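Enquirer: Would you mind keeping the following structure in view while I ask a few things?
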């Protein structure tokens, strides 16, 4: 039998993206998977909209697939975050339903961020679903019908392959690569996406070992979670997937990008690219990441780069794109980010 896969999709006020993502998943050619939607306290009736899709009342239009009405209605197993133990009584029922006809919905009471939102799903999948692999999948993704087969094929070639990711292509320009994995540079505290901006038709098709695969989609072997746990909770959003992959590498696992596995990724709409809140999480967590993973000899060059280039660039673009009120907030948030990044307990 093919390995059991749990696919976790985190939704926060983004039901339109989520149901397009779900429809693409339910058309893949891999037979043995479970879909878990974790709703992060949405306030836009996301749960009802997703249920409406599962009932077959919402026809999804997309340039990437034709809507399939034959697997509707989809059986819903729904739990609040404090009721997950109730799933034990329905576990056998879920196993007897085809992959394309079932969904698990977990409702968080509040927005727990990318880290703890996904952590709830990861713990649930590991404890209740006997998953061999767990996939973290952004809701603004459309997957290729063969994406999971390609990931599993590579994952089973070597026992120490711990995390894998597909090539990320642009939703708006489907042949353009967003990333094919990435390399971390501890000297400047940044990372470089491989093949960004290139055409997928001109790229190598063989798997390659990288420092990390993007958090938009990545597959984690169960043994990795058993050894290093879940995401580091204080990140909340940004840098958590990089940190997780680096820690997996430290524990002896390989991180592999699989170009034959393809997904199409939208630009995130959950938060503005130059908003004070987004810049706060990036700058704060950049320091936390370095404190958790860099060597002492990396710090002089990192601090120079951080304060002379990274912070000023965010200030420049933030001021250019934001109102006066938000620009003043940006200065406050940057100060807060630096203070918390340097003082937060990272043990």
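Readers should treat all values here as calculations from the given coordinates under stated rules, not as data from a laboratory. Everything quoted here is computed from the prediction, not taken from an experiment. For neighbour counting, all protein chains shown are included, and Cβ atoms are generated from backbone atoms with ideal geometry for every residue, glycine included.
Enquirer: In nanometres, what is the gap between the two model label sites at residue 228 and residue 205, each 7 Å from Cα along Cα-to-Cβ?
Expert: It works out to 3.1 nm between the two label points.
Enquirer: On a 0 to 90 degree scale, rounded to 10, what angle separates helix 15-25 from the longest Cα axis of the chain?
Expert: 60 degrees
Enquirer: Cut-off is 10 Å between beta-carbons; in what order do 89, 116, 132 appear when sorted fewest neighbours first?
Expert: The order, fewest Cβ neighbours first, is 89, 132, 116.
Enquirer: With each pseudo-label sitting 7 Å past Cα toward Cβ, what's the residue 85-residue 332 distance in nm, one decimal?
Expert: Spacing of the two 7 Å Cα→Cβ label points: 4.2 nm.
Enquirer: Just from its helices, what would the mean residue ellipticity at 222 nm be for the chain, if runs of 4 or more DSSP H residues each count -39500 (n - 2.57) and the sum is divided by every residue, rounded to the nearest 500 deg cm²/dmol? Don't jump to the answer; show the numbers that get you there.
Expert: Numbers: 11 runs with 125 residues, N = 347.
Taken over the chain, the calculation gives -11000 deg cm²/dmol.
Enquirer: Would you mind checking the tilt of helix 46-55 against the longest principal axis of the Cα atoms of the chain, expressed as 0 to 90 degrees and rounded to 10?
Expert: For 46-55 against the chain, the angle is about 30 degrees.
Enquirer: Still on this structure: What residue among 181, 113, 252 has the largest mean-square fluctuation in a Gaussian network model of the chain, using Cα springs under 10 Å?
Expert: Largest GNM mean-square fluctuation: 252.
Enquirer: Starting from the Cα of residue 158, step 7 Å toward the Cβ, then list every residue of the stretch 236-260 with an amide N under 17 Å from that point.
Expert: What the label zone holds, given the 17 Å backbone N cut-off, is 245-260.
Enquirer: Taking 41 Å as R0, compute the FRET efficiency from the Cβ-Cβ separation of residue 296 and residue 71 and round it to 0.05.
Expert: Working from the Cβ atoms, E equals 0.15.
Enquirer: Over the chain, calculate the relative contact order: mean separation of alpha carbon pairs under 8 Å at least 6 apart, over the residue count, as a percent.
Expert: Relative contact order here is 18 percent.
Enquirer: State log₁₀ I(q)/I(0) for the stretch 1-110 at q = 0.14, 0.18, 0.19, 0.24 Å⁻¹ as given by the Debye formula over alpha-carbon point scatterers of equal weight, solvent excluded.
Expert: Scattering profile of the stretch 1-110, log10 relative to I(0): -0.54, -0.91, -1.02, -1.53.
Enquirer: Further, regarding this structure: Pairing the Cα long axis of helix 276-293 with the longest principal axis of the chain, what angle in degrees results, from 0 to 90 and rounded to the nearest 10?
Expert: Tilt of helix 276-293: around 80 degrees.
Enquirer: Taking R0 as 41 Å, what FRET efficiency do you get between residue 2 and residue 346 from their Cβ-Cβ distance, rounded to the nearest 0.05?
Expert: 0.60
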